[in-house]
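These notes concern the structure reproduced below.
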Amino acid sequence: MATYDLVVIGTGPGGYVCAVRASQLGMKVAVVEKNATLGGTCLNVGCMPSKALLHASEMFEEAGHSFAKMGVSVPAPKLDLPAMMNFKQQGIDGNVKGVEFLMKKNKIDVLKGAGKILGIGKVEVSADGKSQVVETKNIVIATGSDIARLKGIEIDEKRIVSSTGALSLEKVPGRLLVIGAGVIGLELGSVWRRLGSEVMVVEFLDRILPGMDGEIAKQFQRILEKQGFAFKLGSKVTGVEANSKALLAKIEPAAGGAAETIEADVVLVCIGRAPYTDGLGLKEAGVALDARGRVQIDPHFATSLKGVYAIGDVVAGPMLAHKAEDEGVAVAEIIAGQAGHVNYDVIPGVVYTTPEVSSVGKTEEELKQAGTAYTVGKFPFTANGRSKVNQTTEGFVKVLADAKTDRVLGVHIIGREAGEMIHEACVLMEFGGSAEDLARTCHAHPTRSEAVKEAALAVGKRAIHM
């Protein structure tokens with residue numbers, strides 16, 4: 001029987017990063033993976049392939065609509081969808097091989113099969129009808145999440161698809177109905193709209209991007225509508241019927257009322273994700289779950305079973321790969337006797353559409369609910385020199401600061417490369433910095449990031465270019 005210091009179940013960003021950090025700290029480590037490739041949802045059917053298609057579809061749209069006004073004359077672009085899917089697959093393969101390399105480099109054993117916790121210090125790994133039991137001092141559950149399903153709507157990954165199927169459609173749907181106006185639905189809707197689909201998004205709530213700053217969400221909705229998105233907010237899809245020609249989606253107001261039927265060629269179900277705990281033997285082993293099916297942990301990631309920890313999408317908190325990575329590092333350090341820690345107040349979030357949306361810290365709604373006195377500084381990209389010359393002026397930067405201390409509590413951005421720009425706010429907030437600190441930090445000119453500085457200046461009502 002093999003014996004380890006740590007066995008990590010799952011090799012998504014949380015799991016493989018945890019394994020690498022534990023190996024760096026001198027532990028003998030194994031990872032357990034039931035799928036054919038390493039990397040979890042993120043690398044195989046999530047974050048990475050979606051970014052490849054977002055990039056490729058953006059280039060397709062740029063070539064068709066933006067090149068000419070910059071003096072670049074090219075023939076009308078033609079879509080080669082199989083080649084675009086191959087581009088996506090090359091990216092997946094490269095990232096998966098990268099994780100395999102990291103396992104070898106750090107001398108981490110890869111155990112292929114489904115993992116099951118048999119009790120304290122024992123993990124069963126099963127594949128192809130065979131199983132083995134490994135002993136370990138510590139276990140980390142990093143099994144991630146699965147697609148959430150809508151009752152009465154059967155996903156076949158051909159016409160009624162999840163995010164997985166939406167990444168591999170064989171042709172561009174004429175009409176795409178997206179159920180759910182969260183990050184994943186809007187990103188994948190953007191891909192297929194650029195490639196020629198008519199996109200309608202149905203959302204149960206009366207707004208898009210639940211949890212993000214309300215002002216940001218409203219402006220972003222207007223931008224998407226300008227791009228061709230149609231929205232039905234405060235609505236729910238109660239059923240989808242199929243005939244030979246189309247899918248017939250029954251839509252009702254969320255508050256109740258008369259139903260209508262909308263035709264679509266493909267329906268994308270994007271209502272969130274659910275923690276993946278099936279087959280892990282958690283109940284039998286004595287690992288407690290909360291009311292939402294997530295693994296319960298203490299502030300040090302420990303579950304109710306001694307020596308068993310959990311991180312990532314399978315526990316509470318935002319279902320983000322980088323949150324899982326930070327937790328993976330923290331729990332490895334805790335197991336090694338160090339002081340691993342994650343600051344949940346500084347976890348950025350990004351929507352990788354065009355323009356991008358990024359956010360870190362508190363929203364205005366959260367500050368109002370908490371009764372926190374705050375000041376706001378905003379700066380539009382229409383007043384940013386680099387954005388003007390590039391003719392990419394949609395969006396703005398918003399900085400929220402404590403009214404008494406000037407400490408930055410939240411930053412929210414809509415704009416080109418917003419996902420890259422948010423990180424100076426993250427660093428500032430990790431050090432407890434103020435809007436004044438940000439406003440007095442020299443920013444290179446001309447850059448889009450100058451808008452962040454100007455928004456910080458605007459907190460004190462002294463923006464220069466507005």
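The values are calculated or read from the model by the stated rules, or taken from the named source; none is laboratory data. Computed from a prediction, not measured in an experiment: that's the story for all the values here. Using ideal geometry, Cβ is built from the backbone for each residue, glycine included, and neighbour counts are taken over all protein chains shown.
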Residues of the range 167-197 being outside any strand (DSSP E or B) and of a type in the set (A, V, I, L, M), in sequence order, are Leu167, Leu169, Val172, Ala181, Val183, Ile184, Leu186, Leu188, Val191, Leu195
Over the range 33-60, the set of residues of a type in the set (Ser, Thr, Tyr) and farther than 19 Å from Val172 by Cβ is Thr37, Thr41
- Task: Restrict the check to the range 447-465 and report whether at least one residue is farther than 16 Å from Phe379 by Cα, at pLDDT 95 or above and among the β-branched types (Val, Ile, Thr).
- Result: no
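Mind telling me which of the residues Val178, Val125, Val201, Val183 ends up being β-branched (Val, Ile, Thr), farther than 30 Å from Gly256 by Cα and modelled with pLDDT of 95 or more?
On the way: Val178 fails: farther than 30 Å from Gly256 by Cα; Val201 fails: farther than 30 Å from Gly256 by Cα; Val183 fails: farther than 30 Å from Gly256 by Cα.
Being β-branched (Val, Ile, Thr), farther than 30 Å from Gly256 by Cα and modelled with pLDDT of 95 or more holds for just one of Val178, Val125, Val201, Val183, which is Val125.
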Of the residues in the range 53-88, those that are in contact with a helix residue (DSSP H, G or I) (Cβ under 8 Å, 6 or more places away or on another chain) and not aliphatic (A, V, I, L, M) number 7
In the set Leu43, Leu38, Leu79, Leu53, the lone residue that is within 27 Å of Val161 (Cβ to Cβ), without any contact (Cβ under 8 Å) to a residue 60 or more places away in the chain and not hydroxyl-bearing (Ser, Thr, Tyr) is Leu43
Here the residues within the range 244-280 that are outside any strand (DSSP E or B), under 21 Å from Ala181 (Cβ atoms) and either touching a Lys or Arg at 6+ places or on another chain (Cβ under 9 Å) or of a type in the set (A, V, I, L, M) (or both) are Ala254, Ala255, Ala259, Asp265, Ile271
Among helices (runs of 4 or more DSSP H) entirely within the range 385-466, at least 3 residues that are under 22 Å from the mean Cα position of the chain (by Cα) occur in 418-421, 423-430
- Would you check if there is a residue in the range 76-89 being buried (at least 21 other Cβ atoms within 10 Å of the Cβ) and among the small types (Gly, Ala, Ser)? no
Out of (1) outside the structural domain of Gly239 (by TED's automatic domain parsing); (2) touching a Ser or Thr at 6+ places or on another chain (Cβ under 6 Å); (3) crowded, with 21+ Cβ neighbours inside 10 Å, the one Thr143 does not meet is (2)
If we ask which residues in the range 13-41 are farther than 11 Å from Ile141 by Cα, crowded, with 23+ Cβ neighbours inside 10 Å and within 21 Å of the chain's Cα centre (by Cα), their number turns out to be 7
